1. Give me a count of the residues in the range 15-30 that are touching a Leu at 6+ places or on another chain (Cβ under 9 Å), assigned to a loop (DSSP other than H, G, I, E, B) and farther than 13 Å from Q90 by Cα.
2. Determine whether the range 2-12 contains at least one residue that is at pLDDT 90 or above and basic (K, R).
3. Consider V73 carefully, then state whether it is of a type outside the set (D, E, K, R) and at pLDDT below 75.
4. Please name all residue pairs, on different chains or six or more residues apart, with Cβ atoms under 6 Å, provided the first residue is in the range 81-110 and is under 19 Å from P25 (Cβ atoms) and the second residue is hydrophobic (A, V, I, L, M, F, W, C) and in a loop (DSSP other than H, G, I, E, B).
5. Test Y99 against the criterion of being at pLDDT below 95, surrounded by 15 or more Cβ atoms within 10 Å (Cβ to Cβ), assigned to a loop (DSSP other than H, G, I, E, B) and of a type in the set (S, T, Y), and give yes or no.
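The values are calculated or read from the model by the stated rules, or taken from the named source; none is laboratory data. Just so we're clear, the structure is a prediction, and the values are computed from it rather than from any experiment. Note: ideal-geometry Cβ built from the backbone for every residue, glycine included; neighbour counts use all protein chains shown.
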Amino acid sequence: MKTQDDDLLVYDEDDAVKFILKLIPDEQKARINDDVINYVLDVVYEYYEENGLIDEESTEEASIDEEEMMKFVLKASKKDKMNLTEDEIQLVLDGEYEYGKSLGIYSEEE
């Protein structure tokens, strides 16, 4: 069984971006590129840090309020003049979730 430390070692942001980009529908790729995906991932990481969801000493699963995270990313997007829509952000978040599941980092809630 993988430990969280193992998961952190196998999570590669460049691979995550490539993985997510493959899941973005073609009609959205004009607006959602590598830079946008990296931006959203960075803001999500900020959200995790600000809410104490990243603890490298713990292997305990954290529960993430997806609605709050979406509000956080939308607010940052407007502040940083990225002006992403909720749908665009959701596509990136869904792709990141699928990437994490493929590594065994995330598990589906029951």
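1. Result for the range 15-30: 1.
2. Looking for residues that are at pLDDT 90 or above and basic (K, R), one finds none in the range 2-12, hence no.
3. no
4. That search, which allows pairs on different chains as well, returns E88/I32; L91/I24.
5. For Y99, the condition - at pLDDT below 95, surrounded by 15 or more Cβ atoms within 10 Å (Cβ to Cβ), assigned to a loop (DSSP other than H, G, I, E, B) and of a type in the set (S, T, Y) - is not met.
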